[in-house]
1. For residue 59 and residue 337, compute 0.36 nm times the residue count separating them, minus their Cα-Cα distance, and round to one decimal in nm.
2. Two decimals, Cα atoms only, Kirkwood Rh: what is Rg/Rh over the range 140-238?
3. Compute the length gained on full extension between residue 167 and residue 27: take 0.36 nm times their separation in residues and subtract their Cα-Cα distance, giving the result in nm to one decimal.
4. Given a 1.4 Å probe and every protein chain left where it sits, what share in percent of the accessible area of the chain is carbon and sulfur?
5. Cross-link candidates for residue 300: which lysines have Cα within less than 16 Å, leaving aside residues fewer than 8 places away along the same chain?
6. In nanometres, what is the gap between the two model label sites at residue 195 and residue 67, each 7 Å from Cα along Cα-to-Cβ?
7. Within a Cβ distance under 14 Å of residue 157, other residues only, what is the Lys/Arg minus Asp/Glu net charge?
8. When Rg is the radius of gyration of the Cα atoms in the range 140-197 and Rh is its Kirkwood radius, what does Rg/Rh come to?
Amino acid sequence: MIEDKTPQRTRLSDLGEFGLIEHLTKNFKVTHESTLKSIGDDAAVIDFNDKQCVITTDLLVEGIHFDLAYVPLKHLGYKAVMVNLSDVYAMNAIPKQITVSIAASNRFPLEALEDLYAGIETAAKIYNIDVVGGDTTSSNKGLLISITALGHANKEDIVYRSGAKDNDLIVVSGDLGAAYMGLQILERENEVFKVNPQSQPDLSMYSYLIERQLKPEARKDIPELLKALNVKPTSMIDISDGLSSEILHLCKASALSATLYEDKIPLDPTVINSCEEFNLDSTTIALSGGEDYELLFTVKQEDFPKIKANPNLSIIGHMTPKNEGIYLVTRGNTKVEITAQGWNSLQE
């Protein structure tokens, strides 16, 4: 059979704005009783009864947050949802609904946006989320994606950044730095491709790192795990901009300082190996890399026995009085002040 070298390309103008919305969202199903009105009106209607509503939104811009030279659109749609769900889980809440808004230039045919929405649809199914609305418009700057997530929790369950206390333990889920190293590998191979388009790299040894960059998972399991262990965090934040930036956010919100220990920071062996290959310091990458979407939180000292042996959690330090400063204790037992070196989308 001869391969079709000219796949069908449907112009978005053939559908119009509302036709496009209807086409892209036709497969979304409502699964929650709280979704009283979904797509198709001026606004979604959601009934939370006696629950606290949590709302968060993020904007992803082509050329700033992603490069379509090596980011598949289906993966991008999936990741855009994860970015928002991670914020809801960081509030110790359960995400229920999202809205999706996009701006696309005329270089994107319908089939490209179908791929994007297929990723969104997959994420919605896996995480049991209703897609309840959004907007579409044109762009002269490529592709922009804005997703708003709504979740709920009992008032007593919500966790803020501001609740940490002196001597609370600092805990992180999973491991850090893999997403950043995945990005380095993708950017390196993209440069190789520009020079030699026939290049076929073997990236199998980097599969974990690349997956952490292209298809991260929000840590839905961590609030569930903590509840099962009868542990309520005193403060919590997700690690999107790098550990250093996030610990500074927690300290500022809680009016405290902190001490972290380098030898306690969780690193996957593939991160260590790739850092050696790129001549990078793995601790610096863990502190400043960003896009890990792990959860950073604090717990009371008395909760230590409940979490100390759990393979999903690492105790990396403790909170200290405000005037003591925010430091990393290195493997050589030297105290180094922690400064914000994480991702900054507004940096020139």
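The values are calculated or read from the model by the stated rules, or taken from the named source; none is laboratory data. Since the structure is predicted, the reported quantities are computational estimates derived from the model, not experimental observations. Virtual Cβ from ideal backbone geometry, glycine too; neighbours counted across all protein chains shown. The protein model used for the area step is the full one, side chains on, heavy atoms only, and it has no ligands, DNA or RNA in it. Shrake-Rupley method; radii C 1.70, N 1.55, O 1.52, S 1.80 Å.
1. Details: separation 278, 0.36 × 278 = 100.08 nm, distance 3.13 nm.
Between residue 59 and residue 337, full extension yields 96.9 nm more.
2. 1.12
3. Going from the current span to full extension adds 45.5 nm.
4. Carbon and sulfur: 50 percent of the exposed surface of the chain.
5. The reachable lysines, counting only those whose Cα sits under 16 Å from residue 300, are 165, 227, 232, 308.
6. 1.4 nm
7. Combined, the nearby Lys, Arg, Asp and Glu give +1.
8. 1.19
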